[in-house]
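Participant: Provided herewith is a single structure, encoded as structure tokens, for subsequent inquiry.
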Amino acid sequence: MAAKCILKLYVTGQTPNSQKAIKNLKKVLAMELKGAYTLEVIDVLKNPQLAEEDKILATPTLTKVLPPPVRKIIGDLSSIDKVLLGLDLTVEKEMAKTV
Amino acid sequence: MAKKLTKVASGIPGFDEISHGGVPKGRTTLASGTSGSGKTVFSAQFLYKGVKEYGENGVFVTFEETPVDIIKNTNSFGWDIGKLIKENKWAFVDASPDEADNLEVGTYDLGAFLARIEYAITKVKAKRVVIDSASALFTHFQDPGIIRRELYRLTYRLKQLKVTCIMTAERPVEDGQISRYGVEEFVSDNVILLHNRLTEQGERERTIEILKFRGSSHDSQEAALIVGDPGVSLYPRPKPKLTGKGFSEKISTGIKGLDKLFHGGVYKNSTTLITGASGCGKTVTTLHFIMEGAKQRENSLLIEFEESPGQLYRNAASFGWDLKKHVDDGTVQLVCHYPEDLKAEQYLKIIQDLVIANKIKRLVLDSLSALQRIYDERKFRQFVIGLNAFLKMHDVTSYLTNTTSQLLGITAITETHLSTATDNIIILKYVELGGQMRRLLSVLKQRGSMHDKELTEFEVSSEGVQTIGPFKGIENLMSGSARRIQVSFGDEEQQEQAERDFIGEAVAGRI
């Protein structure tokens, strides 16, 4: 079981990309992390200073704050395997599956 | 008539001149250049001066250097960006590289980037924005199609926000495409190019050029860009205009015998080239000219590349002239430099400023050959032509000296590009005669007037230059080894031809 995971997802209002990213991410989280995470969804239009602090350029951007290393995944997260790889949270069976 | 585009003052000395008023207001202007061409400092100054001098607050979006580095690096210009940030007049959008890896999964846009810029603009009520550089976005992200679209969206949004923006772009090589990724095609109607070339002399030369300002006029020539203290300055190339008022009045050279050869002195606002070997009397001839100016209450400017002020004062004192007094009371402006100290454009700027500020009527530049030694031919010609045009426009009568390496005789020459720029040519030289070194002076050319063509002997005494009289009955003087002849000088035609040949040689500085 992975350690508690802290995630932030930066989105731009209600754009299709943002909606898709939220949906895809929830799917991944439900499947793989089973509640062992906190997720903060940040709308850059409402909180641009948070995007400035975290140096976010693209939306959607998913950042994994904890556990280290810090990772950023850009895009609508349309590939679950790649998201898992990118978050560096994959367990062995996932690795085996993608290889 | 088409609607005129308004411009905002750039805060970069010289830029408003070549851009006919500044940076297009409310638009994005692309500043593209190779690495080291001065893009960052150019755009930073636009922003900094915008705040300090024009009350227009600014947002700096940085992709390469961190805000801390920019603040530190511009400290040397005496800028305090940190203070402006505290006063809420300047904001950074920090897009400099960070540690985290970026992985792209699916499609995205730059919504966060745009939101950050807009937030910063609102926060400091910015009127100016710098994005340094647009090219970096293409290296941050994998999909150039998305970046193009988003940059287009950004410039559109900036226009709506009515800010004036300079966006820099990387140029892979000089004289190649305008910018990497063709940023200019979708970003901007206004393109500035910054060049960084190696001259034939092996020096780095930075220049700037306005490629296009849609719907607005600008100069098409390159201007030198110099990063110094404090900040960036441009030195636009002189625009030679033949606006000289034409010759009518003559002024004294301060040497009686020379005035006589010129049939009453040199024309006002003419340019005289004095050519001769080292030590044959050029400096004293120019001093006569300046001291005569002082007598007539005409201000002079003396640009000296060969001697220090101390040497000059001593030199003048040996002829009984108190040059220092005139320098101190402002009748004579003295500029002493190693020619290598500054670039041609900077010298030109110094001269222009001093001439205008001090109502200079007489100018001596000693020597032109010192500059010729360090500039390539094109630059040197530009300098001379630019200087001349400026001096004529301001009714300045000038002496330019040319030091030749040969003490005696004549050597072959080819280039003659100075001949069109100078109105008069005076030759000073040594001749060997009867086992003695004698001094010879000759007026080779005087545009617009008759002059005596005699080869005149002169000496330099404690009174300065004294003409003695023509060398008569002697031939081969110009070759340096004269001999006496029975008949007087050859026929007119021959002499004319000899003179023409000689002018060519003289101006090429080989006599």
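The values are calculated or read from the model by the stated rules, or taken from the named source; none is laboratory data. These figures come from a predicted structure and were not determined experimentally. Cβ placement follows ideal geometry from the backbone for every residue including glycine, while neighbour counts extend to all protein chains displayed. All accessible areas refer to the heavy atoms of the entire protein, side chains included, with ligands and DNA or RNA removed. Shrake-Rupley method; radii C 1.70, N 1.55, O 1.52, S 1.80 Å.
Participant: For chain A, what % of the accessible area comes from carbon and sulfur atoms, probe 1.4 Å?
Facilitator: Looking at chain A in its full context, I get 60 percent from C and S.
Participant: Carbon and sulfur together cover what percent of the accessible area of the stretch B:17-109 at a 1.4 Å probe radius?
Facilitator: 47 percent
Participant: Set the Förster distance to 45 Å, then compute FRET efficiency between residue A:14 and residue B:86 from the Cβ-Cβ distance, nearest 0.05.
Facilitator: Once rounded, the FRET efficiency stands at 0.75.
Participant: Using a 1.4 Å probe over the heavy atoms of the protein chains, calculate the carbon and sulfur portion of the accessible area of the stretch B:125-229 as a whole percent.
Facilitator: Answer for the stretch B:125-229 is 46 percent, counting heavy atoms of protein chains only.
Participant: Okay, next question. Estimate for me the total accessible surface buried between chains A and B (protein heavy atoms, probe 1.4 Å, no ligands or nucleic acids), in Å² to the nearest 100.
Facilitator: For chain A against chain B, roughly 2200 Å² becomes buried.
Participant: Can you compute 3J(HN,Hα) from phi for each residue in the stretch B:433-439, using the Karplus curve 6.51 cos²θ - 1.76 cosθ + 1.60 with θ = phi - 60°, rounded to whole Hz and x for Gly and Pro?
Facilitator: So the J values, rounded to whole Hz, are 8, x, x, 10, 8, 10, 9.
Participant: Taking H placed 1.01 Å from N in the peptide plane, check which residues at least 5 places from residue B:29 or on another chain put their amide H under 5 Å from its amide H.
Facilitator: The answer is B:165, B:166, B:167.
Participant: Using a simple spin-label model with points 7 Å from Cα along the Cα→Cβ vector, what separation in nm is obtained for residue B:52 and residue B:432?
Facilitator: 6.2 nm
Participant: Another question, if that's okay. Filter the cross-link list A:72/B:89; B:7/B:349; B:52/B:392; A:72/B:127; A:20/A:72; A:72/B:125 down to pairs whose alpha-carbon distance in this structure exceeds 29 Å.
Facilitator: A:72/B:89; B:52/B:392; A:72/B:127; A:72/B:125
Participant: Would you please classify the overall shape of the protein assembly as shown from the alpha carbon gyration tensor, given that a ≥ b ≥ c denote the square roots of the eigenvalues, rounded means a/c under 1.5, and beyond that prolate means a/b larger than b/c while oblate covers the rest?
Facilitator: prolate
Participant: Considering protein heavy atoms only and a 1.4 Å probe radius, which residues within the stretch A:11-33 exhibit an accessible-area decrease of no less than 20 Å² in the full assembly relative to the chain by itself?
Facilitator: A:17
Participant: Something else: Any chance you could give the angle, 0 to 90 degrees and rounded to 10, that helix B:492-507 forms with the longest Cα principal axis of chain B?
Facilitator: 40 degrees
Participant: Here's a follow-up. Using a probe radius of 1.4 Å on heavy atoms only, what accessible surface per residue do you get for the protein assembly as shown? Whole Å² is fine.
Facilitator: Accessible surface, normalised per residue, equals 44 Å².
Participant: Report P(r) for the stretch B:154-288: all Cα-Cα distances, bin width 10 Å, range 0 to the bin holding the largest distance, values in whole percent.
Facilitator: For the stretch B:154-288, the binned pair fractions read 9, 23, 21, 17, 14, 11, 5, 0 percent.
Participant: Now for a separate question. Return the FRET efficiency for the residue pair residue B:308, residue B:6: r is the Cβ-Cβ distance, R0 is 45 Å, and the value is rounded to the nearest 0.05.
Facilitator: E(calc), rounded to 0.05, equals 0.35.
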